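Note sheet for the following structure.
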Amino acid sequence: MSKPKSFRLSELASITGSKLVGNDDLVDNIATIQCANKTSITFVANKKYNHLLSKTSANAVIVEKNAEISNGKNFLISENPYLAFAKLTKVFKTSRTKKLPFIHETAIIDKSSVIDKNVYIGPNIFIGPNCNIGSGVVINANVSIVENVSIGSNAYIDCGSVLGSDGFGFASSKNGYEKIEQLGGLKIGNNVHIGSNCTIDRGTIDNTEIHDGVILDNQVHIAHNVVIQKNSAIAACCAIAGSSVIGENFQMGGLSGVLGHLEICNDVKVGAHTLITKKY
């Protein structure tokens, strides 16, 4: 096993935009406050963990600017400790990163689709007709991009997701149901994160739209002709029914849903296990 790489606390302060209080020691791992050791850096982003500050074995702790700090330990004072932690996870990541460009030999790509040269396309990927994949996109194993899908730059799509599938469109009759062909597309913006096993349907006539900066957890279903505006975040096992328009900065907790043909304004936060039945 290779020796972990060490970093000066001053380096980590610079990376995170924090102020170092204490010694400029070396640390070689990031850990939870409970499990940290003498070469760890840890963080406190929730006040309920403040009581562990005096007990942790960590060499350094990232804290907010108004936190009480004590002598004998090193601190990185941050405007946003959780954001600082997020940045440090990239510094300490040791697993093999996705190297662009790369297209796995098992990938199937329709000749009518346009793929930027600077992409990562993993094993068993299917990309159907009339798709456009932008620069810096990472598509992990077993993803299906069915048809008429446009993906902007630097999107991340995790394993097993299905994008551009048929929406659930049927017209009823006395003889049963007549399928409505889905003639629209799916437009995904820049810097979008789509978790594992998500399903996003293409539109019936107009497009389904996922705007810039949207993040979806695992097992999220977005139905046909939904519009999700920028910087929205949706947790696991949520569903949004067809033709609803979701405003910017929308946040929805797990196992929640939105009924169809609704309009949700900007900056709405929805708790877990909630069903939205009216426009907001």
task = Give region 100-123 a look and list any residue that's touching a Lys or Arg at 6+ places or on another chain (Cβ under 7 Å) and within 11 Å of A141 (Cα to Cα), or say none.
result = Y120
task = Among the residues of region 80-100, count how many are over 18 Å from the mean Cα position of the chain (by Cα) and more than 17 Å from F7 (Cβ to Cβ).
result = 6
note = Sole miss for N175 among (1) closer than 19 Å to I205 by Cβ; (2) more than 25 Å from the chain's Cα centre (by Cα) is condition (1)
ask   = Does I69 satisfy the condition of being farther than 30 Å from G167 by Cβ, surrounded by fewer than 16 Cβ atoms within 10 Å (Cβ to Cβ) and of a type in the set (V, I, T)?
value = yes
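This table checks each residue for (1) modelled with pLDDT under 95; (2) under 17 Å from L9 (Cβ atoms).
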{"position": "N29", "(1), (2)": "no, yes"}
{"position": "H51", "(1), (2)": "yes, no"}
{"position": "K55", "(1), (2)": "yes, no"}
{"position": "A67", "(1), (2)": "yes, yes"}
{"position": "N71", "(1), (2)": "yes, yes"}
{"position": "E79", "(1), (2)": "no, no"}
{"position": "Y82", "(1), (2)": "no, no"}
{"position": "L88", "(1), (2)": "no, yes"}
query = Is it true that S150 is more than 14 Å from V214 (Cβ to Cβ), part of a strand (DSSP E or B), touching a residue at least 12 places away in the same chain (Cβ under 8 Å) and in the same structural domain as V220 (by TED's automatic domain parsing)?
reply = yes
message = List pairs: first residue in region 19-47 and closer than 19 Å to K5 by Cβ and touching a residue at least 60 places away in the same chain (Cβ under 8 Å), second residue surrounded by fewer than 19 Cβ atoms within 10 Å (Cβ to Cβ) and hydrophobic (A, V, I, L, M, F, W, C) anywhere in the structure, Cβ distance under 7 angstrom, at least six positions apart or on different chains.
response = N29/F92; I30/F92
task = Quick one: count up the residues across region 90-118 that are closer than 26 Å to I15 by Cα and of a type in the set (A, V, I, L, M, F, W, C).
result = 3
remark   = Going through region 2-24 in order, the residues found to be part of a helix (DSSP H, G or I), within 15 Å of V61 (Cβ to Cβ) and under 27 Å from the mean Cα position of the chain (by Cα) are L12, A13, T16
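The values are calculated or read from the model by the stated rules, or taken from the named source; none is laboratory data. Keep in mind the model is a prediction, meaning the values are calculated, not measured. Note that each Cβ is placed from the backbone with ideal geometry, even for glycine, and that neighbours are counted across all protein chains shown.
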